[in-house]
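Enquirer: Quick one: structure below, then a few questions.
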Amino acid sequence: MTLNSSLPAWSSLQAHYEQIRDARLRDWFAAGNDPAPTRAERFTLEGAGITADFSKNRITDETLKLLVQLAREAHVEKRRDAMFAGEIVNPTEGRAVLHTALRASASSAPFHKEVAAEKAKMAAFADQVRSGAWTGYTGKRIRHIVNIGIGGSDLGPKMVVHALKHLSSPELDAHFVSNVDGADLYRALQHLDPEETLAIVVSKTFTTLETMTNARSMRDWFTQRGCPENQLAKHFVGVSANPTEVVKFGIAKENVFEMWDWVGGRYSLWSAVGLSIMISIGPKQFDELLAGAEAMDTHFREAPLERNLPVLMGMIGIWYRNFFGSQSYLVAPYSEALHLLPSYLQQLEMESNGKQARLDGTFVDYATSAITWGEPGTNGQHAFFQMLHQGPTIVPIDFIAVLTPEHPLTDHHPKLLANCFAQSEALMLGRTEEEAKKVAGPDKPQLVPHIMFPGNRPTTTLMVDALTARSLGALIALYEHKVLVQGTVWNINSFDQWGVELGKILGKVVEADLTSETVDTKKHDSSTSALIARARAALKK
Ligand code: F6P
């Protein structure tokens, strides 16, 4: 199997990097150096309602040509088509990867009948809850839903419900509990009335420690507050690819919503895992979310690689990670509604592409997933942007701008957008010594090094006209496909997650040692033994 760092385009990019590493964006943009079509015109692209301005990246036409060549040499198109066709593209788990089938409208799409049937079941249930027809054990309508899940069974639905709050039913509040720290469930339930509360237990495997612990505690909460055991069915539904376990837990068979092993956890919000989304925004808006994602799927499949947003985003990410050596990249949505997008993307990017072994089992000799992090603007500006502007480390940034507000405080919006655009301008331009001297003036020459900005900091600005279910669907699918593109070039499996296993196994051993009567202190290293001893003493008090 090909080692992707030995592909011809990889070497060409290395040589090209040496040529342009010191070139300055401000020079490329300078009047006279940026004739029509300008950089902005050449490097701004559109797909599925998303506009991406790549022009403030450290790229030239030649860079993009070589990056696209690398994508071709790494067979991105072939792997993309294999994924859409339902081939086993996750070989370590022997699975197809078909989250795209969950939003495919064509009846020829894989598993179309099963997907449509499950969606209809979800819609019928969501309508009942939303209309008040579904009642709790005392006949009251449901006003609170509590989604119990973790990782992909939490982050996606939570992010979308939060983002689309402006579209959600005012009769219902959605809560999300994920952490095994009892504080999470305890705090969520503190002000809830069990008579009006519905638990949705979401777990692909239905064996996950955190989820099962929270689900059991929530069941106790219902019964201790008066819900008879035989009425629990009115307050519990389950979502899983393991329906047998859901029924064993005590959830009524008819209240089980199915997902399939060909839907990866972090790609699952489009399935019944998104039941909390559908209950919040309604089946019609859920369809809009799917339609936005499908529009991006079509763009990804059909747009030439040179104008293909997921391909270019992925390849530009590789340019920084593997050639500039960037350790991390930042996502800064200038949208409070997209507050949770960075934490959702952390799982999507790092659980997918934080890998050391190539598909053929050999070890990579190049970097894979960058560290993904982020916060919404403008908050980040008053926290860590200092480092982005003047720290010696270069962090590429995705700015996300929503051009019209989804709330009535419209006069805030120009201020928000102005900050977003000004940050990318400032990061690109920087401030030279000469300019800093002018700002410092003759009285304060000692300030000059402190008020110089290196500039040349790369950013991409993504824009949507409005935050709708459709535009959000397209945005999420854009990042999903970007991950596939990068994973393909790195020649790794973006769809398994063996790296989470060891900690889980050892966690069970340590838990037993924390709670058992006696403990063999020699079993662990001296540090872990001391930690356990200290906690045992505290827990006994
Ligand atoms: O521990 C990681 C992980 O397996 C994720 O991949 C997954 O999204 C999460 O746990 C939850 O898994 P499940 O849906 O099976 O409870």
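No value in this document is a laboratory result; all are computed from the given coordinates. These numbers come from a predicted model, not from an experiment. Every residue, glycine among them, receives a Cβ derived from its backbone with ideal geometry; neighbour counts consider all protein chains shown.
Enquirer: Looking only at segment 324-368, count how many residues are within 18 Å of G151 (Cα to Cα) and either within 14 Å of the ligand (Cβ to nearest atom) or buried (at least 19 other Cβ atoms within 10 Å of the Cβ) (or both).
Expert: Within segment 324-368, residues that are within 18 Å of G151 (Cα to Cα) and either within 14 Å of the ligand (Cβ to nearest atom) or buried (at least 19 other Cβ atoms within 10 Å of the Cβ) (or both) number 17.
Enquirer: When the residues of segment 124-139 are narrowed to those that are surrounded by fewer than 17 Cβ atoms within 10 Å (Cβ to Cβ) and assigned to a helix (DSSP H, G or I), which ends up farthest from the ligand (Cβ to nearest atom)?
Expert: Selected residue: S131.
Enquirer: Something else about it: Hey, could you check segment 262-295 for residues that are under 21 Å from Q128 (Cβ atoms) and part of a loop (DSSP other than H, G, I, E, B) and say which is farthest from the ligand (Cβ to nearest atom)?
Expert: Ranking the candidates gives G282 first.
Enquirer: Out of all the residues in segment 487-506, which are in contact (Cβ under 8 Å) with a residue 60 or more places away in the chain, part of a helix (DSSP H, G or I) and either under 16 Å from G264 (Cβ atoms) or within 11 Å of the ligand (Cβ to nearest atom) (or both)?
Expert: Correct list: G487, T488, W498, G499, V500, K504.
Enquirer: Let me ask something additional. What number of residues within segment 213-239 are at positive phi and either within 16 Å of the ligand (Cβ to nearest atom) or acidic (D, E) (or both)?
Expert: Looking only at that region, the number is 0.
Enquirer: Still on this structure, please answer the following. Report, by residue number, each residue of segment 398-410 that is more than 11 Å from L467 (Cβ to Cβ) and surrounded by 22 or more Cβ atoms within 10 Å (Cβ to Cβ).
Expert: Residues satisfying the conditions are D398, F399.
Enquirer: Among residues belonging to segment 140-163 that are assigned to a helix (DSSP H, G or I), of a type in the set (G, A, S) and crowded, with 24+ Cβ neighbours inside 10 Å, point out the one that is farthest from the ligand (Cβ to nearest atom).
Expert: A163
Enquirer: Follow-up. Say we look at segment 178-212 and pick out the residues that are assigned to a strand (DSSP E or B) and away from the ligand (no atom under 13 Å from the Cβ); which of these is surrounded by the most Cβ atoms within 10 Å (Cβ to Cβ)?
Expert: Ranking the candidates gives A199 first.
Enquirer: Continuing with this model, one more query. List the helices (runs of 4 or more DSSP H) inside segment 23-92, counting only whole elements, that have at least 2 residues being of a type in the set (F, W, Y).
Expert: Helices (runs of 4 or more DSSP H) meeting the threshold: 25-29.
Enquirer: Could you list, in sequence order, the residues of segment 24-44 that are surrounded by 17 or more Cβ atoms within 10 Å (Cβ to Cβ) and closer than 26 Å to D297 by Cβ?
Expert: The answer is F43, and nothing else.
Enquirer: Considering only segment 240-253, state which residues are within 16 Å of the ligand (Cβ to nearest atom) and in a helix (DSSP H, G or I).
Expert: P243, T244, E245, V246, K248, F249
Enquirer: For segment 164-177, indicate whether the set of residues that are within 16 Å of the ligand (Cβ to nearest atom), outside any helix (DSSP H, G or I) and of a type outside the set (D, E, K, R) is non-empty.
Expert: Yes: one or more hits.
Enquirer: Moving to a separate point now. Which residue, of K438, K444, K482, K415, is charged (D, E, K, R) and closer than 30 Å to P283 by Cβ?
Expert: K482
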